[in-house]
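For reference, the structure is listed below as structure tokens.
Each value in this text was obtained by applying a stated rule to the coordinates, not by laboratory testing. Remember, it's a predicted structure, so these values are computed and weren't measured experimentally. Glycine gets a Cβ as well: all are built from the backbone with ideal geometry, and neighbour counts include every protein chain shown.
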Amino acid sequence: MQGGAVKDSEQLARYVEDLLRGGMSRREALAVKLANRAGSAGRLEAAVKVDRELDCTKLGRESRLASRQMGRQVIKVAADQLRGKTVLKDYLDAIGGDRTPGHLAVSFGLTLGACGWNGEETVAAFLYQTAVGFVSASMRLLPIGQREGQRVLGEWLPLIDRISREMSTGTPMSSWSPIQDIYGMRHGSLEWRLFRS
């Protein structure tokens with residue numbers, strides 16, 4: 001936004017839709033679904049494997065570190081509140097022992113999987129939460145109000161639904177969102193910032 005690439009809600013919509021299709025649907029959404037499966041089965045090593053793979057696909061340092069920080073916060077709360085779900089405590093211990101990075105997508109998927117959510121529901125919840133975050137940030141940075149933000153969010157729902165239904169765990173993790181990756185890498189050197197990542 002500071003660079004002038006996104007100035008209104010229509011440009012925001014195109015930017016986020018491109019990110020959902022090209023980046024998140026092949027990377028974070030896949031990690032969420034795989035972690036969900038690991039959480040459902042109580043398989044720590046499967047969660048660690050997908051977490052390490054996700055870490056390797058995150059090119060930008062800031063987005064990688066932000067994902068780790070948010071993931072660690074999510075799993076700390078989840079492990080504390082859901083003490084009967086041992087896979088969550090084991091995953092938290094693996095993070096503390098530097099055996100795994102602790103990304104948000106994996107913490108989210110693992111937690112909801114341990115709670116009995118299916119993969120499709122978990123992916124949809126993750127993508128929706130991400131979309132809400134974009135709208136919330138945009139309302140601070142762009143001349144759009146709450147009504148416009150809700151309209152844009154509503155327009156993303158069919159895409160979120162389609163990605164969550166069509167996500168196949170048999171596909172390799174990848175990402176093609178070069179514009180977003182470049183802007184993410186530039187974020188740390190911006191003159192002024194409202195957000196850490």
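Observations, loosely collected:
- Here the chain is treated with +1 on each Lys and Arg Cβ and -1 on each Asp and Glu Cβ, and its dipole about the Cα centre works out to around 320 debye.
- Net +/- balance of residues flanking S40 in space, Cβ distance below 15 Å, scoring K and R +1, D and E -1: 0
- Taking every DSSP helix (H) stretch of at least 4 residues in the chain, weighting each as -39,500 (n - 2.57) and dividing the sum by the residue count yields a mean residue ellipticity at 222 nm of -22000 deg cm²/dmol.
- Separation of the M139 and R151 label points, Cα + 7 Å toward Cβ, nm: 1.5 nm
- Full extension of the chain between K49 and E166 yields a length gain of 39.9 nm, computed as 0.36 nm times the residue separation minus the alpha carbon distance.
- Positive-end residue of T169, V132, G102, charge dipole of segment 60-197 with Cβ unit charges: G102
- Among residues other than G119 with Cβ under 9 Å from its Cβ, the summed charge is 0 (Lys and Arg +1, Asp and Glu -1).
- Whole-number percent relative contact order across the chain, with pairs defined as alpha carbons under 8 Å at least 6 apart: 34 percent
- Helix 61-81 and the longest principal axis of the Cα set of the chain meet at an angle near 50°.
- Cβ-Cβ FRET estimate between E120 and A41, R0 fixed at 22 Å, reported to 0.05: 0.85
- Taking Lys and Arg as +1 and Asp and Glu as -1, the other residues whose beta-carbon sits under 12 Å from that of R14 total -3.
- Cross-link partners of K85 among lysines (Cα-Cα below 28 Å; sequence separation of 8 or more within a chain): K33, K49, K76
- Residue of E45, E166, E28 that the Gaussian network model of the chain assigns the largest fluctuation, springs spanning Cα pairs under 10 Å: E166
- With all pairs of different C-alpha atoms in the average, the Kirkwood value for the hydrodynamic radius of the chain is 17.1 Å.
- Positive-end residue of L142, Q81, G116, charge dipole of the chain with Cβ unit charges: Q81
- A simple charge model with +1 on the Cβ of Lys and Arg, -1 on the Cβ of Asp and Glu and nothing else charged puts the dipole of segment 4-112 at about 220 debye relative to its Cα centre.
- Note: relative contact order over segment 1-63, using C-alpha pairs below 8 Å and six or more positions apart, is 22 percent.
- Taking 0.36 nm per residue of sequence separation and removing the Cα-Cα distance, the D93/Q11 pair yields an extension gain of 25.3 nm.
- Folded to 0 to 90 degrees: helix 146-166 orientation relative to the chain principal axis, Cα: 40 degrees
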